[in-house]
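Structure first, then comments.
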Amino acid sequence: MAYMGRMNAPLYNKDILRLAASIPHHQRLANAQASVEKRSPTCGSRVTADVRMADGRIAEMGLDVKACALGQASAALMAAQAIGMSAAEMEQARDRLTAYLAGTSEDLDFWPGLAVLAPARGYPARHASIRLGFEAIAEAARMADA
């Protein structure tokens, strides 16, 4: 198990832990059109995303998430809404999350539930793990749609 440091209440609250324990689509797809693995060099968190597209939208997805609670919670929030999204919509969500975490945007309203991750903004070492699910699914969707 990866070292997570001390359990900081604002970062690892009950909502984060609940999300981390309930990731939708948490199994790999046997018939994926594209698969992408993203890894955080900072903490070793890893997310693998498999997708099947239909009519330019994510029809099926599968995830293998080996990440800290924040990375798992972010992947759970992403997976709960990604079915039916286009590659461009997933890329936009990835970019908006990145901008929020970097402090160049204050907007978290673009994706349901992300406000629960707001306390992690002040912990840059956690940002890569939080972005992994969004990065992996956006890239997989773009590859499958090509």
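The values are calculated or read from the model by the stated rules, or taken from the named source; none is laboratory data. This structure is a prediction, so every number in the text was calculated from the model and none was measured. Methodologically, a virtual Cβ is constructed for each residue, glycine included, from the backbone with ideal geometry; neighbour enumeration extends over all protein chains shown.
Taking the numbered list (1) in contact with a strand residue (DSSP E or B) (Cβ under 9 Å, 6 or more places away or on another chain); (2) part of a helix (DSSP H, G or I); (3) of a type in the set (S, T, N, Q); (4) free of Cβ contacts under 8 Å to residues at least 40 places away in the same chain in turn, GLN72 passes all entries but (4). Do we have any residue at all in segment 123-135 that's among the polar types (S, T, N, Q) and over 14 Å from ALA20 (Cβ atoms)? No, segment 123-135 has no match at all.
Residues satisfying the criterion are present in segment 52-65 (criterion: over 24 Å from ALA21 (Cα atoms), surrounded by fewer than 16 Cβ atoms within 10 Å (Cβ to Cβ) and either among the acidic types (Asp, Glu) or touching a helix residue (DSSP H, G or I) at 6+ places or on another chain (Cβ under 8 Å) (or both)). Residues in segment 20-42 that are surrounded by 14 or more Cβ atoms within 10 Å (Cβ to Cβ) and either in contact with a Phe, Trp or Tyr (Cβ under 8 Å, 6 or more places away or on another chain) or aliphatic (A, V, I, L, M) (or both): ALA20, ILE23, LEU29, ALA32, ALA34, VAL36.
Filter segment 91-132 for residues that are of a type in the set (D, E, K, R), in a helix (DSSP H, G or I) and over 19 Å from ALA80 (Cα atoms) and give the result. So that I can check it myself, show each step before the final result.
Of segment 91-132, the ones of a type in the set (D, E, K, R) are 91, 94-96, 106-107, 109, 121, 126, 131.
Narrowing further to those that are in a helix (DSSP H, G or I): 91, 94-96, 121, 126, 131.
ARG121, ARG126 - these are the residues of segment 91-132 that are of a type in the set (D, E, K, R), in a helix (DSSP H, G or I) and over 19 Å from ALA80 (Cα atoms).
If you go through segment 111-124 and keep only what is within 22 Å of ALA49 (Cα to Cα) and surrounded by fewer than 15 Cβ atoms within 10 Å (Cβ to Cβ), you end up with just PRO112. Residue-level analysis places LEU132 outside the set of residues that are within 13 Å of the chain's Cα centre (by Cα), over 16 Å from GLU60 (Cα atoms), of a type outside the set (Gly, Ala, Ser) and surrounded by fewer than 24 Cβ atoms within 10 Å (Cβ to Cβ). Residues in segment 66-94 that are surrounded by fewer than 21 Cβ atoms within 10 Å (Cβ to Cβ), among the small types (Gly, Ala, Ser) and within 17 Å of GLU37 (Cα to Cα): 0 in all. The residues of segment 36-60 that are over 29 Å from TYR123 (Cα atoms) and assigned to a strand (DSSP E or B), listed by number, are VAL51, ARG52, MET53, ALA54, ARG57, ILE58, ALA59, GLU60.
Among the residues that make up segment 90-98, is at least one of them among the small types (Gly, Ala, Ser) and modelled with pLDDT of 95 or more? Step through it out loud before you land on a result.
As a first pass, look at segment 90-98 and keep what is among the small types (Gly, Ala, Ser): 93.
Filter again for modelled with pLDDT of 95 or more, leaving 93.
Yes: one or more hits.
Quick one: count up the residues across segment 42-65 that are within 15 Å of ARG131 (Cβ to Cβ) and either free of Cβ contacts under 8 Å to residues at least 40 places away in the same chain or of a type in the set (A, V, I, L, M, F, W, C) (or both).
Pass one, segment 42-65, residues within 15 Å of ARG131 (Cβ to Cβ): 42-49, 63, 65.
With the extra rule that they be either free of Cβ contacts under 8 Å to residues at least 40 places away in the same chain or of a type in the set (A, V, I, L, M, F, W, C) (or both), the set shrinks to 43, 47, 49, 63, 65.
Residues in segment 42-65 being within 15 Å of ARG131 (Cβ to Cβ) and either free of Cβ contacts under 8 Å to residues at least 40 places away in the same chain or of a type in the set (A, V, I, L, M, F, W, C) (or both): 5 in total.
Considering TYR100, TYR12, which residue is free of Cβ contacts under 8 Å to residues at least 60 places away in the same chain, crowded, with 17+ Cβ neighbours inside 10 Å and more than 17 Å from PRO112 (Cα to Cα)?
Being free of Cβ contacts under 8 Å to residues at least 60 places away in the same chain, crowded, with 17+ Cβ neighbours inside 10 Å and more than 17 Å from PRO112 (Cα to Cα) holds for just one of TYR100, TYR12, which is TYR12.
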